[in-house]
Amino acid sequence: GVYYLAPPAAPGDTPVFRPVSGIAAQSWSLLPAGRSLLAATSNGVYQIENDRAVPLLDGLCFVLYQSQFDSTRIYAGLIDGLGILQFLNGRWRFSGRVPGISEEIRSIAEDPDGALWLGTQFQGALRVKLPPGKSVSELDETLLQVTRFGQTHHLPEGEVNVYPVNRRVRFATSQGLRSFDAHRQIFLADSSLGTLLADTAYAIHRLVED
């Protein structure tokens, strides 16, 4: 579930964490979006309003990412694809799924050109270029550019997570940190954050830019 820190019942009492009503499933991530707080859970996506949760999308969701190019759009990494939430009439609403993507999406980032990068647990990384100005209902596979990357592109086997750091997308892998060489279309060890993170002897799972 998701818990919030409730104020003490009386002066001198200790504050306690209490569950948000409406979420009983495992929660994977939280996303503050404007004045809203959204939760990705094993039962779907919820918008948290004070001490209760309002369902927005059914199905297992691992991660939520608010677009840096369109703040009214949130991407949802699902167990079997990519969903989109849109802010309409003062509320977040599920708009639909991006066609042609069925992988288990564990992380999401945008590069400076606006392309989406998707990290998966066992299926490498995907780059998705969406046509500008199109709603989800207008999308079909002929309008998308989806490129899949794996071991032939020098990505190690296993989980790949994508993170925006210093205006670039970094790839956390089972063999250190990688970056994408667009000219050669391969992934190279990335020592820009320190040689330790580029060491292939270390698995990198999560990065957070402060």
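Per this entry, Tyr75 is counted among residues that are under 20 Å from Val169 (Cβ atoms) and assigned to a strand (DSSP E or B). Looking only at residues in segment 37-51 that are of a type outside the set (Gly, Ala, Ser) and modelled with pLDDT of 95 or more, the one that is farthest from Gln66 (Cα to Cα) is Asn43. When restricted to residues that are at pLDDT below 95 and either over 18 Å from Lys134 (Cβ atoms) or among the hydroxyl-bearing types (Ser, Thr, Tyr) (or both), segment 73-91 contains 3.
Within segment 58-87, which residues are more than 21 Å from Asp140 (Cβ to Cβ), of a type in the set (A, V, I, L, M) and over 11 Å from the mean Cα position of the chain (by Cα)? Hits for segment 58-87 are Leu60, Ile79. In segment 88-155, counting only strands (runs of 3 or more DSSP E) that sit wholly within it, the ones holding 2 or more residues that are closer than 22 Å to Thr72 by Cα and either without any contact (Cβ under 8 Å) to a residue 60 or more places away in the chain or under 19 Å from the mean Cα position of the chain (by Cα) (or both) span 91-97, 105-110, 116-120, 125-129.
If the condition is being part of a strand (DSSP E or B) and at pLDDT below 95, then segment 20-36 contributes Ala33, Ser36.
The values are calculated or read from the model by the stated rules, or taken from the named source; none is laboratory data. Given the structure is predicted, the values throughout are model-derived calculations rather than measurements. Please note: Cβ atoms are built from the backbone with ideal geometry, for glycine as well, and neighbour counts cover all protein chains shown.
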